Structures are given as C-alpha cells and as structure tokens.
Amino acid sequence: MPDRSAAHLAANLRRLREQRGLSQQQMAGRSGVPRATWTSLESGQANPTLAVLSKAAAALDVSIEELIGPPRTACQFFPAAQAVVKKRGDAKVRRLVPESLPGLDIVRMELAPGGSMQGIPHTPGTREYLTCESGVVELAAAGELYRLEAGDALVFRGDQKHTYRNPTRQTAVAVSVVAFAPV
C-alpha cells in the first residue's frame with residue numbers, strides 16, 4: 001500500500017471510529033482484528049491484507065474505497081457555477097443534490113413561459129413527488145391535468161407518460177423527487 005493510502009487509511013479509521021464513540025479495543029472486538037493491529041492501522045504503520053481491510057470496513061459499515069481514499073471533510077461545497085444544467089424541451093433541468101443518492105433522483109426544473117417538457121416514464125412502481133416553487137406548473141398524467149401553484153405538491157406514478165407545462169408568461173420553477181421502485 002503506498003504511503004499516501006496508509007496515511008488516508010489511518011486518518012479515516014481514526015475519524016470513523018471516533019465518530020462512533022468507540023475505543024480501539026471495541027473496534028478490535030467488532031472487527032475481529034487484534035487491537036495491536038488496529039493500533040498499527042491507525043498509526044499508519046501497518047501494511048494490511050485485503051482480509052483485514054475488509055473486516056475493518058465491515059465493522060465500520062463503509063466501503064474499502066472509503067477507508068483508503070482521501071479523508072472526507074465535514075462539509076463539501078458545490079458552487080452553483082459548477083452545476084450541470086441540461087436543456088429538455090422548454091425547460092432547464094439540474095440535479096438538486098450533486099451526489100448520487102441510491103433510489104432517488106432530485107431535480108430542479110425551470111419551465112420557460114408557455115413552455116413544456118415531456119417526462120420520461122420510469123421503472124414500474126416508481127413514485128414522483130412534484131412541488132411547485134414559483135409560478136404555475138401543470139402536470140398532465142393518466143388523462144388528468146393538475147395545476148400547481150407556489151407551494152403546491154403532487155404525488156403520482158412516475159412509470160407513466162407525463163408532461164410538465166407552464167401556462168403563464170412567467171418562468172415557473174418546480175422540484176421533482178423521483179423515488180425509484182426497488183429492483
């Protein structure tokens with residue numbers, strides 16, 4: 001293991017153990033790794049086997065990659081200027097959360113005045129939660145038309161054809177949370 005990975009491992013193990021309020025002795029018991037080995041890991045002096053890394057990761061409920069990767073900071077800043085904005089129909093769409101969340105997709109959409117955007121039917125059993133932030137958003141789904149104004153929310157099956165529309169002369173902003181059905 002390169003020196004940098006050993007330093008990352010040491011810092012990550014210490015931070016994760018301390019976040020859980022556990023001693024090295026308690027971690028040794030949880031992981032099945034001898035306390036002396038755990039101490040060596042946290043000091044950056046050990047050259048662990050894959051089996052030891054796997055036991056440590058399992059005991060901390062994290063991936064091996066998280067153990068050997070650069071230590072995470074308490075917060076991570078994502079400047080708006082770096083957000084990826086996609087054009088779909090008459091809408092600008094960007095992910096509201098910059099990291100992937102298993103089973104969820106959260107996007108912010110800006111619908112141009114008089115504009116519309118065709119929704120993409122998701123996998124069967126998917127639910128979509130649509131909240132209008134400003135302006136007016138109409139959603140057409142299952143032969144029905146729903147009108148949402150600022151603060152209104154709508155829950156619908158996301159596995160069907162649906163269309164978002166802004167019937168006004170002002171930009172409309174909405175947030176969509178798609179909760180995918182388990183596969």
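Taking the range 167-183, which residues are assigned to a loop (DSSP other than H, G, I, E, B), of a type outside the set (Phe, Trp, Tyr) and under 30 Å from PRO102 (Cα atoms)?
Hits for the range 167-183 are ALA181, PRO182, VAL183.
Please work out if GLY115 is over 22 Å from ASP159 (Cβ atoms), among the small types (Gly, Ala, Ser) and buried (at least 16 other Cβ atoms within 10 Å of the Cβ).
In short, yes.
I'm trying to understand the selection: among the residues of the range 142-163, which are surrounded by 13 or more Cβ atoms within 10 Å (Cβ to Cβ), part of a strand (DSSP E or B) and touching a residue at least 24 places away in the same chain (Cβ under 8 Å)?
Listed by number, the residues that qualify are LEU148, LEU154, PHE156, ARG157, HIS162, THR163.
Cβ-Cβ below 9 Å, separation at least six or inter-chain, first residue in the range 112-135 and on the phi < 0 side of the Ramachandran plot and touching a residue at least 12 places away in the same chain (Cβ under 8 Å), second in a loop (DSSP other than H, G, I, E, B) and aromatic (Phe, Trp, Tyr): which pairs?
HIS122/PHE180; THR123/PHE180; THR126/PHE180; ARG127/PHE180
Among what's in the range 121-141 and is among the small types (Gly, Ala, Ser) and assigned to a loop (DSSP other than H, G, I, E, B), pick the residue that is nearest to VAL107 (Cα to Cα).
GLY135
Does the range 38-61 contain at least one residue that is in contact (Cβ under 8 Å) with a residue 24 or more places away in the chain and among the basic types (Lys, Arg)?
yes
So which residues in the range 1-34 are under 25 Å from the mean Cα position of the chain (by Cα) and not in a helix (DSSP H, G or I)?
ARG20
What number of residues in the range 41-60 are in contact with a helix residue (DSSP H, G or I) (Cβ under 9 Å, 6 or more places away or on another chain), surrounded by fewer than 17 Cβ atoms within 10 Å (Cβ to Cβ) and in a helix (DSSP H, G or I)?
4
Determine which single condition GLN170 fails, assuming it passes every other condition in (1) of a type outside the set (Asp, Glu); (2) within 27 Å of the chain's Cα centre (by Cα); (3) closer than 15 Å to MET109 by Cβ.
The number of the failed condition is (2).
Any chance you could count how many residues in the range 118-138 are surrounded by fewer than 18 Cβ atoms within 10 Å (Cβ to Cβ), in contact with a Lys or Arg (Cβ under 9 Å, 6 or more places away or on another chain) and among the small types (Gly, Ala, Ser)?
1
Computed from the coordinates by the stated procedures, all read-outs in this text should not be read as laboratory data. Just so it is clear, the model here is predicted, and its values are computed rather than measured. Using ideal geometry, Cβ is built from the backbone for each residue, glycine included, and neighbour counts are taken over all protein chains shown.
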